[in-house]
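J.: Quick one: the structure is below, and I'll ask about it shortly.
The values are calculated or read from the model by the stated rules, or taken from the named source; none is laboratory data. Predicted, not measured: the structure shown is a model, and the values here were computed from it. In this analysis, Cβ positions are derived from the backbone assuming ideal geometry, glycine residues included, and neighbour counts consider all displayed protein chains. These accessible areas exclude ligands, DNA and RNA; they are computed on the full protein's heavy atoms, side chains included. Shrake-Rupley method; radii C 1.70, N 1.55, O 1.52, S 1.80 Å.
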Amino acid sequence: VYVTDHFLLEKIKVSETESEPYSKKVITSGMVRPIPTRYAYVAPPFAGRVTKSYVRIGQPVHQGTPLFEISSPDFTSAQKEYFQALSSRELAKKDLKRKEDLIRNGVSSQRELEEAQNALLIADKEFENASAALRVYQVDNPAEMILGQPMIVRSPIPGEVIKDNIVTGQYLKDDTEPIAIVADLSKVWIAAQVKEKDIRFINEGSSLDIEISALPGTVIKGNVYHVEEEVDEETRSIQVLSVCDNLNGHLKLGMYTTVHFLSVPVGQIQIPEKTLLQGEKDSYVFVQIAPLVFVRTSVTVETTENGIAVISEGLRPGDKIISEGGYYLK
């Protein structure tokens with residue numbers, strides 16, 4: 001288009017395009033889930049009867065906090081094995097000392113001494129195994145244990161008791177479902193399903209905003225923790241796990257959220273939305289190639305927001321375009 005009308009030229013404003021940082025936004029739904037390392041099902045290791053409960057639902061606990069006691073024949077058997085191993089080790093130590101005294105006096109043989117040393121090694125190993133078995137059940141000081149005492153089941157992690165089905169007097173089988181759940185929900189996962197066409201905009205460490213319908217206007221910040229490697233064949237989407245702070249407890253497990261992912265900022269041409277002209281098949285602008293000469297140029301619009309159009313194809317930084325009055329040239 002050649003413009004020679006001075007009156008028309010006064011109505012046209014020409015601006016130079018610039019590349020500015022832009023973050024692609026991907027909006028999808030998500031669900032609040034616990035972080036596995038901050039979530040623990042608590043079930044009895046043996047069959048037995050609950051004799052005492054120490055906690056209530058909603059109670060904060062530390063790692064090692066007693067949750068309940070259970071009286072179990074299996075635990076009593078483990079105690080007996082420990083005390084038998086302890087007794088055997090002490091006897092082996094005394095026998096070795098006696099053999100050492102005898103050989104110094106020339107009464108015993110070297111073979112008998114070696115047999116006593118070997119017996120002590122075996123007794124030590126059996127004692128270590130018996131002690132390790134009790135440590136698995138969180139018995140930290142077996143030496144202070146009383147044979148037949150109930151087993152104390154302790155919290156494996158710090159957090160809060162979010163499920164409490166502990167009933168004093170209840171008999172539990174060894175395959176009983178967990179009767180308590182301890183969770184630290186100060187941080188949670190947001191599991192979002194992202195369409196495969198948008199996954200290229202999301203990387204580990206990328207930031208995101210979380211909105212929940214229960215608190216309109218509240219935005220919770222988070223970061224992408226993991227992008228799964230497999231596409232769901234039915235929905236053609238990929239699960240993205242993000243970690244979000246939840247110190248105030250607004251995010252409840254199982255709650256649906258709206259997730260706004262923000263890609264790493266990249267430079268893209270951004271122009272006023274009013275600069276765009278609409279043709280039958282495309283959007284376009286007029287690019288100045290000479291003082292009075294303008295060329296209609298098709299552009300691909302990535303998105304428009306707050307009166308700004310983000311251009312992905314068609315323009316380069318430094319292009320001079322008609323930013324106002326382009327419709328006079330249509």
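J.: Residues that are within 21 Å of Trp189 (Cβ to Cβ): list the strands (runs of 3 or more DSSP E) wholly contained in segment 19-60 that include at least 3 such residues. Before you say what the answer is, go through the steps one by one.
T.: On the way: elements: 19-22, 25-33, 39-42, 48-53.
Output list reads 25-33, 39-42.
J.: Criterion first (under 23 Å from Gly64 (Cα atoms), open to solvent by 50 Å² or more (accessible area, probe 1.4 Å), part of a strand (DSSP E or B) and among the acidic types (Asp, Glu)) does Glu160 satisfy it? Give the derivation first.
T.: Working: under 23 Å from Gly64 (Cα atoms): yes; open to solvent by 50 Å² or more (accessible area, probe 1.4 Å): yes; part of a strand (DSSP E or B): yes; among the acidic types (Asp, Glu): yes.
Criteria met by Glu160.
J.: Taking the criterion of being basic (Lys, Arg) and over 24 Å from the mean Cα position of the chain (by Cα), would at least one residue in segment 172-188 satisfy it? Don't jump to the end; show me each part of the working.
T.: Let us first name the residues in segment 172-188 that are basic (Lys, Arg), namely 173, 187.
Subsequent filtering for residues that are over 24 Å from the mean Cα position of the chain (by Cα) retains 173.
Looking through segment 172-188, at least one residue is basic (Lys, Arg) and over 24 Å from the mean Cα position of the chain (by Cα).
J.: Return a yes/no flag: does segment 101-120 have any residue that is among the β-branched types (Val, Ile, Thr), open to solvent by 30 Å² or more (accessible area, probe 1.4 Å) and not in a loop (DSSP other than H, G, I, E, B).
T.: Yes, segment 101-120 contains a residue that is among the β-branched types (Val, Ile, Thr), open to solvent by 30 Å² or more (accessible area, probe 1.4 Å) and not in a loop (DSSP other than H, G, I, E, B).
J.: Let me ask another. Output the residues belonging to segment 256-298 that are of a type in the set (A, V, I, L, M, F, W, C), farther than 30 Å from Asp209 by Cα and assigned to a strand (DSSP E or B).
T.: Leu277, Val285, Phe286, Val287, Ile289, Ala290, Val293, Phe294, Val295
J.: How many of the residues in segment 41-54 are touching a strand residue (DSSP E or B) at 6+ places or on another chain (Cβ under 6 Å) and buried (at least 19 other Cβ atoms within 10 Å of the Cβ)?
T.: Final tally of qualifying residues: 4.
J.: Shifting gears a bit: Does segment 163-214 hold any residues that are at pLDDT 90 or above, surrounded by fewer than 16 Cβ atoms within 10 Å (Cβ to Cβ) and β-branched (Val, Ile, Thr), and which are they?
T.: Val167, Thr168, listed by residue number.
J.: Right, another one. Are any residues in segment 7-38 open to solvent by 70 Å² or more (accessible area, probe 1.4 Å) and within 30 Å of Pro156 (Cα to Cα), and if so, which ones?
T.: Arg33, Pro36, Thr37
J.: Across segment 244-284, what is the total count of residues that are within 22 Å of Thr218 (Cα to Cα), β-branched (Val, Ile, Thr) and crowded, with 16+ Cβ neighbours inside 10 Å?
T.: Total meeting the criteria: 2.
J.: For Ser323, work out the one condition from (1) in contact with a helix residue (DSSP H, G or I) (Cβ under 7 Å, 6 or more places away or on another chain); (2) open to solvent by 40 Å² or more (accessible area, probe 1.4 Å) it doesn't fulfil.
T.: It is condition (2) that Ser323 fails.
J.: Which one of these is modelled with pLDDT of 90 or more and either farther than 12 Å from Thr17 by Cβ or out of contact with any Gly (no Cβ under 9 Å at 6 or more places or on another chain) (or both): Ser298, Ser323, Ser312? I'd like the intermediate steps shown before the answer.
T.: Details: Ser323 fails: modelled with pLDDT of 90 or more; Ser312 fails: modelled with pLDDT of 90 or more.
Just a single option satisfies the conditions, and that option is Ser298.
J.: Need a quick list: strands (runs of 3 or more DSSP E) entirely within segment 172-236 having at least 1 residues that are over 30 Å from Val55 (Cα atoms) and touching a residue at least 12 places away in the same chain (Cβ under 8 Å).
T.: Working: elements: 180-183, 187-195, 207-211, 219-232.
It comes to 187-195, 207-211, 219-232.
J.: Which condition number does Ser77 fail, the rest of (1) open to solvent by less than 30 Å² (accessible area, probe 1.4 Å); (2) closer than 30 Å to Asp164 by Cα; (3) out of contact with any Gly (no Cβ under 8 Å at 6 or more places or on another chain) being met?
T.: (1)
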